[in-house]
Amino acid sequence: MFNFVFQNTTKLVFGRGQIAQLSSLIPTDKKVLITFGGGSVKRNGVYDQVKKALAGHNVVEFWGIEPNPAVETLRKAVKLGLEEKVDMLLAVGGGSVLDGTKLIAAAIAQPNLDAWDIVKSGSAIKQIPFASVMTLPATGSEMNNGAVISCHETKEKFSFRGDYPEFSILDPETTYSLPAHQIACSLADIVVHCFEQYMTTTGQSRVLDRWAEGVIATAMEIAPKIQADQHNYDLMCDYMYSATMALNNFIRMGVTQDWSTHQIGHELTALCGVTHGESLAIVYPGTIDVLREQKKGKLLQFGSRVLGINEGTEEERIDKVIEKIEAFFKSLGLATRLSEKKIGVDVVEEIARRFNERNVHLGEAQNVTGDVAREILMKRL
């Protein structure tokens, strides 16, 4: 393992009925801007719970943060926050709402900077305090310091890092009303988050290998059970907590990481509007196929420990691992080929051009360039 320094400052408040804790978690002397998405929290009762808990608090509301939050929308929230002189933010919704809120927190704290310039810098130097009530498990944003933001004007999507949420409330009952496609995309996101931190090289950390394998195996095990019974509290606890554990920095301490699939997937979202989780389902089998030699040890390890693939030559076993992973994504009802989203070679070439223009070098070996991204995507046509 490499040397590392680890600190995660988010207080996780987990379980049914915990939204009521907002009344004590947020001081009454704070002026709070509550950020929302498109309105699902009004239909599932979460909005009423939040408003009841914050009765007596000074709050302002901002609605309309979309999936893959757009800087154009977030600038409006920043303007409102500055006008209202808010000193805390509360994101209520899924990971996109929280990601957007992280940028709002940075832009309010640095009003001399444009929000997109903060994103492109890669880090937020200052942010006002923020917290979350998470209703869609996927991004792990509720317990990490990262965010991914889109710009419609330039058709770009980039990540940046800043502070951690002060606290995050996770009530698994809020997931009962989620559309099946959103759950499918989030399960793909959970699994690929783990793969990006795990599927590199062997021999780095026994502890983190087993931890990552456990989260992936859990997600794969519960997926068909959730499809059969979305109102099973214990299942949805495992689902919600898997999303948090997949990307709260615990399973990547001191080990190499990949993240090339995410970066390629971000381009598919920015250029073609592909939902993030589905973009990962399309790209990831191609990534591990093209990079199968450098990932050989981990592919074989995962195949044996998690998928029970122990027979055949090494190449045959790796083929089976790739097939099984793609089959899992298909079982969720997700596209796994670009053609299913009517995406062709022109988009592949544009992504390769963008990567080469930015001199991108991704992956644990820093060898995923625009040309390698092209190779990965051509396998997914």
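The phi torsions of region 137-151, fed into the Karplus equation with coefficients 6.51, -1.76 and 1.60 and a -60° offset, translate into couplings of x, 4, 7, x, 4, 5, 9, 9, 10, x, 7, 10, 10, 9, 10 Hz, rounded to whole numbers, with Gly and Pro shown as x. Highest mobility in the GNM of the chain, judged by mean-square fluctuation with C-alpha springs under 10 Å and restricted to 327, 212, 115, is found for 327. Taking amide H positions as modeled 1.01 Å from N, with prolines and chain starts lacking one, the residues under 5 Å from residue 59 and 5 or more places away or on another chain are 32.
Would you mind getting me the FRET efficiency between residue 304 and residue 272? Use the beta-carbon distance for r and R0 = 35 Å, nearest 0.05.
On the way: r = 36 Å, r/R0 = 1.04.
With R0 = 35 Å, the Cβ-Cβ based efficiency is 0.45.
What separates the Cα centres of region 73-94 and region 169-204 is a distance of 27 Å.
With +1 on the Cβ of every Lys and Arg and -1 on the Cβ of every Asp and Glu, and nothing else charged, how large is the dipole of region 178-252 about its Cα centre, in debye rounded to the nearest 20? Spell out each step's value before the answer.
Numbers: 4 positive and 8 negative charges, 39 e Å.
Around 180 debye, computed over region 178-252.
Candidates 336, 321, 277 compared by Cα position along the dipole of region 253-381: farthest toward the positive end lies 277, with charges placed on Cβ.
Charge tally around residue 222: other residues with Cβ under 14 Å, Lys/Arg +1 each, Asp/Glu -1 each, net -3.
Indicate the helices, whole DSSP H runs only, in the chain that combine a mean Kyte-Doolittle hydropathy of -1.0 or more with a Cα extent along their long axis of 15 angstrom or more.
71-84, 95-109, 180-198, 206-228, 233-246, 260-272, 276-290, 314-331, 345-357
Computed from the Cβ-Cβ distance with R0 of 35 Å, the FRET efficiency linking residue 84 to residue 253 stands at 0.35.
What FRET efficiency comes out for the pair residue 23/residue 342, r = Cβ-Cβ distance, R0 = 51 Å, nearest 0.05?
Numbers: r = 49 Å, r/R0 = 0.95.
Calculated transfer efficiency: 0.55.
Expressed to the nearest 5 percent, the antiparallel share of DSSP beta bridges inside the chain is 25 percent.
Computed with a 1.4 Å probe over protein heavy atoms only, the accessible surface of the chain comes to 40 Å² per residue.
What number does the chain give for Rg over Rh if you use C-alpha atoms and the Kirkwood radius? Walk me through the numbers on the way to the answer.
Working: Rg = 20.4 Å, Rh = 21.2 Å.
On the Cα set of the chain, Rg over Rh gives 0.96.
Rounded to the nearest 20, the Cβ-based charge dipole of region 286-367 about its Cα centre (Lys and Arg +1, Asp and Glu -1) stands at 300 debye.
Comparing 312, 40, 243 along the charge dipole axis of the chain, the residue lying farthest to the positive side is 40, per the Cβ-charge model. Here the accessible area is traced with a 1.4 Å probe on the protein chains. For region 150-306, carbon and sulfur cover 49 percent of it. When the Gaussian network model of the chain links Cα atoms closer than 10 Å, the mean-square fluctuations of 168, 159, 242 top out at 159.
Going highest first, how would you order 337-350, 214-227 by mean Cβ packing within 10 Å?
Numbers: 337-350: 14.9, 214-227: 18.4.
Packing proxy ranking, top to bottom: 214-227, 337-350.
Taking amide H as placed 1.01 Å from N in the peptide plane, the amide H of residue 90 sits under 5 Å from that of 33, 34, 35, 131, each at least 5 places away or on another chain.
Take the chain, connect every pair of alpha-carbon atoms lying under 10 Å apart with a spring to form a Gaussian network, then pick out the residue of 232, 359, 44 with the largest mean-square fluctuation. Looking only at 232, 359, 44, the largest GNM fluctuation is found for 359.
The values are calculated or read from the model by the stated rules, or taken from the named source; none is laboratory data. Since this is a predicted model, take the numbers as computed values, not measurements. Because the Cβ atoms are built from the backbone with ideal geometry, glycine has one as well, and the counts that use them run over all protein chains shown. The accessibility values were calculated without ligands, DNA or RNA, using every heavy atom of the protein model including side chains. Shrake-Rupley method; radii C 1.70, N 1.55, O 1.52, S 1.80 Å.
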